[in-house]
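See below for the structure under consideration.
The values are calculated or read from the model by the stated rules, or taken from the named source; none is laboratory data. These numbers come from a predicted model, not from an experiment. Methodologically, a virtual Cβ is constructed for each residue, glycine included, from the backbone with ideal geometry; neighbour enumeration extends over all protein chains shown.
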Amino acid sequence: MVFVADRDNDRIQAFNLFGNFLFSFGERHDIKRPEQISIGLFYSYSDASYSCTKAVYVADEKKDRIAIFDYEGNLLSTISGLKDPEGVFALNHSQGSGSGQISIYIANTGKDTVGVYTSALTPTLSIKGFDDPRAVCADNRGYIYVSDSKNDAVKKYNGYGQLLMTFAGVNTTALDKPAGICLDNNGNLWIVDEKNERILKISCPAMPGETSGMRGFSLPKAAVTIKDAYAYPIPFKPSQGHTAISFKLYSTLNVLLRIYNIAGELVFEKTDITTDPFVWSVVNNWDEPIASGVYIYFLTDSTLERKIGKIMIIR
């Protein structure tokens, strides 16, 4: 399965390897703006024994915690006492060295630190000296990599928290607010160079002083149209403070919005929309609140391109 942090909708979405949507989770556990996700094992201890299961580790930024779910979306545990964490990485013991079954690395962004936790979710190491650390990962030799965003660098540490080297780019390839990072199976480091709108691949040296190869991949700006429109927050829940549904249209060309119930009856229509996003107060054509249920929205504009989507209302 592929898990995606759907930040604006406060949930995690699961897809199969063909890109087909399977299910979403996190809503009932009130996650708020999930950021980095990591797949790893989760250990439950009982006396001298333990059991483990595959788990999804989520940097639950606005809840100041790491939320740990099983593959069915059930909450297993949390790591709390954090502040705006944006990064998490779980390294299984089979992937790396050490006596513990798993190591959990957390970019505690709001406190400008990176912490390391055991499989029992207890802290063992805290690394300081960052400015807006946004992602973290580790390799099977125990090296730790951190995107130090506001310092425009990615830093490499050993397992004791000692700084080994800094990747800041060279000449025209200088980093600008690096965000996400990951390692591939060959040990190459991939960096989302956010403000430069590109991906960098760095061939990581084994020891300080060795030369790193760097290659940049520019990201073409795909033309977005009303076919890329979406609605948020979905599901719409007034009990969670939701007051409206916004439609990100990617168009201001006299957009037409129609919303139907599952019986195919038109409940709302708005023509000649020229603002993006368009904010819908979740009322029908007579300004009456829309009842709980599943609805279908239809969008089109002057280009005659169309988008059809689904929204859910839970009052």
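Summed over segment 20-33, residues that are of a type in the set (D, E, K, R), at pLDDT below 85 and surrounded by 15 or more Cβ atoms within 10 Å (Cβ to Cβ) total 1. Hey, could you check segment 126-167 for residues that are among the charged types (D, E, K, R) and not in a loop (DSSP other than H, G, I, E, B) and say which is farthest from Val116 (Cα to Cα)? Among those that are among the charged types (D, E, K, R) and not in a loop (DSSP other than H, G, I, E, B), it is Lys150.
Anything in segment 34-71 that is modelled with pLDDT under 90 and outside any strand (DSSP E or B)? List them, or say none. Answer for segment 34-71, where residues must be modelled with pLDDT under 90 and outside any strand (DSSP E or B): Asp47, Ala48, Tyr71. The listed residues are Asn140, Asn188, Asn171, and the only one of them that is at pLDDT below 90 and in contact with a Ser or Thr (Cβ under 6 Å, 6 or more places away or on another chain) turns out to be Asn188.
Where in segment 215-315 are there strands (runs of 3 or more DSSP E), lying fully within it, with 1 or more residues that are loosely packed, with under 11 Cβ neighbours inside 10 Å and of a type in the set (Asp, Glu)?
Hits in segment 215-315: 266-273.
Criterion first (of a type in the set (A, V, I, L, M), in the same structural domain as Ala179 (by TED's automatic domain parsing) and under 24 Å from His242 (Cβ atoms)) does Ile79 satisfy it? Considered against the rule, which asks whether it is of a type in the set (A, V, I, L, M), in the same structural domain as Ala179 (by TED's automatic domain parsing) and under 24 Å from His242 (Cβ atoms), Ile79 comes out as no. Could you check segment 118-146 and list, in sequence order, the residues that are buried (at least 16 other Cβ atoms within 10 Å of the Cβ) and farther than 28 Å from Thr53 by Cα? Listed by number, the residues that qualify are Ile127, Phe130, Asp132, Pro133. Checking Gly115, Gly96 one by one, the residue that is modelled with pLDDT of 90 or more, under 24 Å from Arg141 (Cα atoms) and surrounded by 17 or more Cβ atoms within 10 Å (Cβ to Cβ) is Gly115 and no other.
Within segment 263-290, residues that are closer than 18 Å to Lys237 by Cα sit with their Cβ atoms under 7 Å from residues that are among the polar types (S, T, N, Q), at 6+ positions apart or across chains, in these pairs: Val279/Ser246; Ile290/Asn284.
Here's the yes/no breakdown for (1) closer than 21 Å to Ile191 by Cα; (2) at pLDDT below 90; (3) in the same structural domain as Tyr143 (by TED's automatic domain parsing):
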{"site": "Lys201", "(1), (2), (3)": "yes, yes, yes"}
{"site": "Cys204", "(1), (2), (3)": "yes, yes, yes"}
{"site": "Glu210", "(1), (2), (3)": "yes, yes, yes"}
{"site": "Gly213", "(1), (2), (3)": "yes, yes, yes"}
{"site": "Tyr232", "(1), (2), (3)": "no, yes, no"}
{"site": "Pro235", "(1), (2), (3)": "no, yes, no"}
{"site": "Gln240", "(1), (2), (3)": "no, yes, no"}
{"site": "Ala244", "(1), (2), (3)": "no, no, no"}
{"site": "Lys248", "(1), (2), (3)": "no, no, no"}
